[in-house]
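S.K.: Structure in structure tokens, see below.
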Amino acid sequence: VPSDAEWSELETHLGMAADQLELNGQWRGTDQGDQLRDEFTPGFHALLAGARTSVGSSLYLGGNGFFWSSTGSGANSFYRRVTTIFSTIYRQNISKRGGYSVRCLKD
């Protein structure tokens, strides 16, 4: 599972400006979310599998993809969100109680 820094590395590769990388709790970048959804973009194809809430219900299947990072402390960790509504990528530090997808990296 990539760290927050490894997610930022991918976002930089896709053209996100450096001053956008550390923004938290907001949509960042320009078209990097679109690029992650495009199956022909090298590096990662984000499938929009939605999320599982902390009480077990499912949300946003097919319209949003939520992806954990391995960076966090205590009960929280950073995640990324990609959606069909915005072209950008959301980043936030949130409780680990929900069920999100993971992106695997090969060492």
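The values are calculated or read from the model by the stated rules, or taken from the named source; none is laboratory data. As the structure is a computational prediction, the values presented were derived from the model and not from experiment. So basically every Cβ, Gly included, is an ideal-geometry build from the backbone, and we count neighbours across all protein chains shown. Accessible surface is based on the protein model in full, side chains and every heavy atom, while ligands, DNA and RNA are left aside. Shrake-Rupley method; radii C 1.70, N 1.55, O 1.52, S 1.80 Å.
S.K.: Restricted to the stretch 1-41, and to residues that are hydroxyl-bearing (S, T, Y) and not in a loop (DSSP other than H, G, I, E, B), which residue is least open to solvent (accessible area, probe 1.4 Å)? Before the answer, list the steps.
M.R.: Pass one, the stretch 1-41, residues hydroxyl-bearing (S, T, Y): 3, 8, 12, 30, 41.
Among the residues that remain, those that are also not in a loop (DSSP other than H, G, I, E, B) are: 8, 12.
Working: S8: 13, T12: 71 Å².
Here the answer is S8.
S.K.: Kindly list, by first and then second residue, each pair from a residue in the stretch 80-107 that is among the small types (G, A, S) to a residue that is open to solvent by less than 70 Å² (accessible area, probe 1.4 Å) and not in a loop (DSSP other than H, G, I, E, B), limited to pairs with Cβ atoms under 6 Å and residues at least 6 apart or on different chains.
M.R.: S87/G33; S87/D34; S95/N76; G98/A51; S101/F67
S.K.: Which one of the conditions (1) touching a helix residue (DSSP H, G or I) at 6+ places or on another chain (Cβ under 9 Å); (2) part of a helix (DSSP H, G or I) does F44 fail to meet, given that it meets all the rest?
M.R.: (2)
S.K.: Counting only residues that are closer than 22 Å to N24 by Cβ, of a type in the set (A, V, I, L, M) and either surrounded by fewer than 17 Cβ atoms within 10 Å (Cβ to Cβ) or within 11 Å of the chain's Cα centre (by Cα) (or both), how many does the stretch 49-80 have?
M.R.: Residues meeting the conditions: 2.
S.K.: If you go through the stretch 81-104 one residue at a time, how many are within 12 Å of G33 (Cβ to Cβ), open to solvent by less than 50 Å² (accessible area, probe 1.4 Å) and not in a loop (DSSP other than H, G, I, E, B)?
M.R.: Residues meeting the conditions: 5.
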